[in-house]
Amino acid sequence: MRFKTLLAAGCAAAAFTTVPAYAQDAADTAKTATPVSSDDIVVTARQRQESLKDVPIAVTAITGDRLKELQVNTVKDVASYTPGLNINSDSVGRAFVSIRGIGTTLIDTVQPGVGIFIDGVYQPNTSYLNSPIVDVARIEVLRGPQGTLFGNNTLGGAINVITRQPGNEWEGRFDAAVAGTDNYASVSGSVSGPIVRDLLQFRLGASYHEQDGFMRNTLTIGDMNPLKQQSVGGTLRFTPADWAVFTVNGNY
């Protein structure tokens, strides 16, 4: 009985003395925590800003600068650099998206399995994926069910296109490219700035792409299925208070 009593008292004392040690470790960890590097890619896959390496979901994020380096002109082109993402198009411009084998169909009564979003707003028209992207900050591809954060039609995953937001400084961008034997040409540009400083800002961008067809019709003496794409996008940002931001986006 004496041995059991001493053993119980010793265990209680040990448990009591280890509590401050754990608290001290937690305090030291908080003091030595390193801030997020400026080189980290910040994503909003969980509806808040986080470093890509800290997000506990399968997500691929490509920044606007990287898209330019890769010569990515449409969201469809992102599939070449994203594991598990497949995007195909038909002759009328509709895009069929699948992530890990789950995606859209031609059956009207079947809900699509991959959601397409622009700045978090759902886009039911999949032809947007074939349109030239304008002034994009980054593209996030989330693999796996995203119904908790993005709602319906995201069983396979979601594609979220985040556009550049206007600010209080005037900015302008212009890009042009000509390449290949098929007479490929691309022109895009944007401008953004304040209408009323610290209150109302705008962004407006446009792009145009064209390319000869891959087959030549000798009967009509012309190319078959030449590429001609144009798009226009704009953003109006209203900030009446530090805690209130109203954003209106438009794309054509």
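Computed from the coordinates by the stated procedures, all read-outs in this text should not be read as laboratory data. Just so it is clear, the model here is predicted, and its values are computed rather than measured. Cβ atoms come from the backbone with ideal geometry, glycine included; neighbour counts cover every protein chain shown.
Quick notes on this one:
- 22 Å tail of the calculated P(r), the range 171-251, as % of Cα pairs: 48
- Per-residue ³J(HN,Hα) for the range 71-81, Karplus 6.51 cos²θ - 1.76 cosθ + 1.60, θ = phi - 60°, Hz, x for Gly and Pro: 6, 8, 9, 9, 5, 4, 5, 5, 4, 5, 10
- Computed on the Cα atoms alone, the convex hull of the range 42-163 gives a volume of 99 cubic angstrom per residue.
- Ordering of 232-243, 140-151 by burial proxy (mean other Cβ atoms within 10 Å per residue, highest first): 140-151, 232-243
- Computed from the Cβ-Cβ distance with R0 of 30 Å, the FRET efficiency linking Leu149 to Ser89 stands at 0.60.
- Fully extending the segment from Glu171 to Ala241 would add 22.9 nm, taking 0.36 nm per residue of separation and subtracting the current Cα-Cα distance.
- Virtual spin-label span in nm between Asn125 and Arg216, 7 Å along Cα→Cβ: 3.5
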